[in-house]
Amino acid sequence: KAGVTQTPRYLIKTRGQQVTLSCSPISGHRSVSWYQQTPGQGLQFLFEYFSETQRNKGNFPGRFSGRQFSNSRSEMNVSTLELGDSALYLCASSLVGTGGLGNTIYFGEGSWLTVV
Amino acid sequence: SQQGEEDPQALSIQEGENATMNCSYKTSINNLQWYRQNSGRGLVHLILIRSNEREKHSGRLRVTLDTSKKSSSLLITASRAADTASYFCATGAANTGNQFYFGTGTSLTVIP
C-alpha cells in the first residue's frame, strides 16, 4: 500500500511569488492535514481537510490556503511568499477524521520550500 | 500554547544503552503519540497511548503516560545506531479532528 506522497520534494521560489504543494493520501484515507516545520517554530499545524471541507485551521495568515478534492488529494497554496515561509511542509493523512479519539496520522516525506 | 516540550533537547548514548526522553504538555488530552524523524525526512509513527492507558509497549519501545502530571516518557531499550533521529510527542484533544500539537523534539544520537 503506497504511503502519503508529496510533490514536489524540493523547490526554490522568489519572494513575492506563490507556490502550490500537492499531497496524495494513503488510499482510503479521507482526512488530510498540513504542517509547517521550521527550526525556530518546530512543527506547526496549518489546516485539516476532511471530505473536501476544511475542519480545522491553525494560526497562519490568509496567504496560506488549501483545498481537498473528491479523491481526497489535497493541495496547499502560499501566496506572496516571504523569506520566513522557507520550511519543510508536511502532509499527513488518516483513515477517519477523529484524531482526538486515537486515530493515527501518517506523514509524507515533505516538500522542502526555500524562498530567496 | 498547547505545544508540548521534550526533555532533554539532545541526548547522546552508546549503542546498546537505553534512551529515555520525556514530554510535557499543557492541556487535557485524549491521546498522545510519539514520532521519529530522520534528518530531512517525514515523521514516522511509533506508538499511540490513550489517556486512559498508563503504559504501552511496542518492540523495544516503552511509553508511559501520567495525565495527572501531564507528562509522558519514551524509553528505547538496547539502542542501535539506526535509532539516531529526532523524537517528537504529539497530543490530540477531543473534537479537534486531526489537529495535533507537537513538542519541540529530542535529538537522539546513538554512537556505534
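Brief remarks on what is shown
- Boolean, A:Phe64 is surrounded by 14 or more Cβ atoms within 10 Å (Cβ to Cβ) and more than 8 Å from every other protein chain (Cβ to nearest Cβ): yes
- Any hit, segment B:99-109, residues being under 14 Å from B:Ser28 (Cα atoms) and surrounded by fewer than 14 Cβ atoms within 10 Å (Cβ to Cβ): no
- When segment B:84-98 is limited to residues that are surrounded by fewer than 23 Cβ atoms within 10 Å (Cβ to Cβ) and at pLDDT 90 or above, the one that is nearest to B:Ser28 (Cα to Cα) turns out to be B:Ser86.
- Considering each residue of segment A:49-60 in turn, at least one proves to be surrounded by 15 or more Cβ atoms within 10 Å (Cβ to Cβ) and at pLDDT 95 or above.
- Among the conditions (1) over 16 Å from the mean Cα position of the chain (by Cα); (2) at the interface with chain B (Cβ under 10 Å from one of its Cβ atoms), the only one that A:Phe45 does not satisfy is (1).
- In segment A:74-99, the residues that are surrounded by 15 or more Cβ atoms within 10 Å (Cβ to Cβ), more than 9 Å from chain B (Cβ to nearest Cβ) and not polar (S, T, N, Q): A:Glu75, A:Met76, A:Val78, A:Leu81, A:Asp85, A:Ala87, A:Tyr89, A:Leu95
- Wholly within segment A:25-116, strands (runs of 3 or more DSSP E) carrying at least 2 residues that are farther than 18 Å from B:Arg41 by Cβ and among the charged types (D, E, K, R): A:53-57
- Selection count where residues are closer than 14 Å to B:Ser107 by Cβ, in contact with a Ser or Thr (Cβ under 8 Å, 6 or more places away or on another chain) and polar (S, T, N, Q), scope segment B:40-90: 2
- The conditions of being more than 14 Å from every other protein chain (Cβ to nearest Cβ) and polar (S, T, N, Q) are not met by A:Ser33.
- Only one entry of B:Lys56, B:Lys26 meets the criterion of being touching a strand residue (DSSP E or B) at 6+ places or on another chain (Cβ under 6 Å), away from every other protein chain (no Cβ under 11 Å) and either closer than 30 Å to A:Thr7 by Cβ or surrounded by 13 or more Cβ atoms within 10 Å (Cβ to Cβ) (or both), and that entry is B:Lys56.
Matching residues to (1) of a type in the set (S, T, N, Q); (2) without any contact (Cβ under 8 Å) to a residue 60 or more places away in the chain:
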| site | (1), (2) |
| --- | --- |
| A:Val4 | no, no |
| A:Arg9 | no, no |
| A:Arg15 | no, no |
| A:Ile26 | no, no |
| A:Ser33 | yes, no |
| A:Thr38 | yes, yes |
| A:Arg55 | no, yes |
| A:Met76 | no, yes |
| A:Leu95 | no, no |
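The values are calculated or read from the model by the stated rules, or taken from the named source; none is laboratory data. Not measured: the values here are computed from a predicted model. Positions of Cβ are generated from backbone atoms using ideal geometry, with glycine treated the same way; all protein chains shown enter the neighbour counts.
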